[in-house]
1. Take the stretch A:1-28 and flag every residue that is over 15 Å from the mean Cα position of the chain (by Cα) and among the hydrophobic types (A, V, I, L, M, F, W, C).
2. What residue, of A:Ser51, A:Ser12, A:Ser39, is exposed (fewer than 14 other Cβ atoms within 10 Å of the Cβ) and either at pLDDT below 95 or farther than 22 Å from A:Thr77 by Cβ (or both)?
3. Please give the strands (runs of 3 or more DSSP E) falling wholly within the stretch A:7-77 in which 2 or more residues are over 19 Å from A:Asn110 (Cβ atoms).
4. Test of understanding: among B:Ser83, B:Ser61, B:Ser95, which residue is away from chain A (no Cβ under 14 Å), of a type in the set (S, T, N, Q) and either surrounded by 14 or more Cβ atoms within 10 Å (Cβ to Cβ) or over 18 Å from A:Gly42 (Cα atoms) (or both)?
5. Are any residues in the stretch B:58-86 at negative phi and out of contact with any strand residue (DSSP E or B) (no Cβ under 6 Å at 6 or more places or on another chain), and if so, which ones?
6. Any idea which of A:Ser39, A:Ser58 is small (Gly, Ala, Ser) and either out of contact with any Ser or Thr (no Cβ under 9 Å at 6 or more places or on another chain) or away from every other protein chain (no Cβ under 14 Å) (or both)?
7. For the stretch B:2-28, give me the residue count where each residue is open to solvent by 30 Å² or more (accessible area, probe 1.4 Å), within 12 Å of another protein chain (Cβ to nearest Cβ) and in contact with a His (Cβ under 8 Å, 6 or more places away or on another chain).
8. Could you go through the stretch B:40-53 and let me know if any residue there is farther than 24 Å from A:Gln33 by Cβ and away from every other protein chain (no Cβ under 11 Å).
Amino acid sequence: SQQGEEDPQALSIQEGENATMNCSYKTSINNLQWYRQNSGRGLVHLILIRSNEREKHSGRLRVTLDTSKKSSSLLITASRAADTASYFCATEETSGSRLTFGEGTQLTVNP
Amino acid sequence: DAGITQSPRHKVTETGTPVTLRCHQTENHRYMYWYRQDPGHGLRLIHYSYGVKDTDKGEVSDGYSVSRSKTEDFLLTLESATSSQTSVYFCAINSDRGQNQPQHFGDGTRLSIL
């Protein structure tokens with residue numbers, strides 16, 4: 001069963017707008033990670049937020065984590081056409097070093 | 001980019017034939033993983049390894065076996081391929097520190113079983 005569920009499944013915005021993607025999960029976690037996948041390529045790690053952290057920034061990315069609601073969000077500010085990709089959340093459960101991935105959000109940024 | 005090479009990148013084969021996919025890393029990382037990616041399912045873990053000759057099953061291990069005789073190589077074998085195993089397969093690695101570390105992915109193998 002999927003641990004992370006993402007919302008929305010697809011998102012289409014204009015360049016310069018902000019994009020927000022949400023992830024919900026079910027069990028206790030060590031951390032939650034966000035990955036990006038361009039078409040035909042492997043996943044690229046974006047950001048990792050530990051269970052004792054509430055917010056983390058990396059460039060134009062902002063990730064929040066609410067462990068009481070078992071949810072996370074990824075905000076991409078001032079989006080660019082090059083941000084077009086699929087974005088996945090993944091949770092590392094407290095039981096080990098394995099990750100469980102959500103189904104992803106397909107982001108399209110129109111020029 | 002992490003030094004991960006998957007081979008082959010594309011393969012077409014027939015039902016019932018054996019298939020072996022290779023993941024090679026140059027990072028000397030302890031942990032290696034095999035995932036499959038299918039529409040509507042995201043990435044699902046098949047098998048993983050936490051050291052030479054140390055492997056364990058993931059979420060969707062039926063029909064797959066793995067071997068790790070060297071730190072740098074992790075092989076995924078489909079003993080008798082079925083059409084349901086048509087998928088894109090990704091290898092990933094993780095640093096020696098294990099937990100709370102990101103995984104680094106190869107570019108995948110697109111496998112079609114006719």
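1. Filtering the stretch A:1-28 for residues over 15 Å from the mean Cα position of the chain (by Cα) gives A:1, A:12-17, A:26-28.
The one that is over 15 Å from the mean Cα position of the chain (by Cα) and among the hydrophobic types (A, V, I, L, M, F, W, C): A:Ile13.
2. Numbers: A:Ser51 fails: exposed (fewer than 14 other Cβ atoms within 10 Å of the Cβ); A:Ser12 fails: either at pLDDT below 95 or farther than 22 Å from A:Thr77 by Cβ (or both).
After ruling out the rest, the residue left standing is A:Ser39.
3. Values: elements: A:10-14, A:19-24, A:29-37, A:43-50, A:55-58, A:61-66, A:71-76.
Counting at least 2 such residues, we get A:19-24, A:29-37, A:43-50, A:55-58, A:61-66, A:71-76.
4. Sole residue among the options that is away from chain A (no Cβ under 14 Å), of a type in the set (S, T, N, Q) and either surrounded by 14 or more Cβ atoms within 10 Å (Cβ to Cβ) or over 18 Å from A:Gly42 (Cα atoms) (or both): B:Ser83.
5. B:Asp62, B:Ser69, B:Lys70, B:Thr71, B:Glu79, B:Ser80, B:Thr82, B:Ser84
6. Result of the check over A:Ser39, A:Ser58: A:Ser58.
7. Count: 2.
8. yes
The values are calculated or read from the model by the stated rules, or taken from the named source; none is laboratory data. On a predicted model such as this, the values are computed, not experimentally measured, just so you know. Neighbour counts are summed over all protein chains in view; Cβ atoms, including those assigned to glycine, are modelled from backbone coordinates with ideal geometry. Just so you know, the surface numbers come from the protein's heavy atoms only, side chains and all, with ligands and any DNA or RNA stripped out. Shrake-Rupley method; radii C 1.70, N 1.55, O 1.52, S 1.80 Å.
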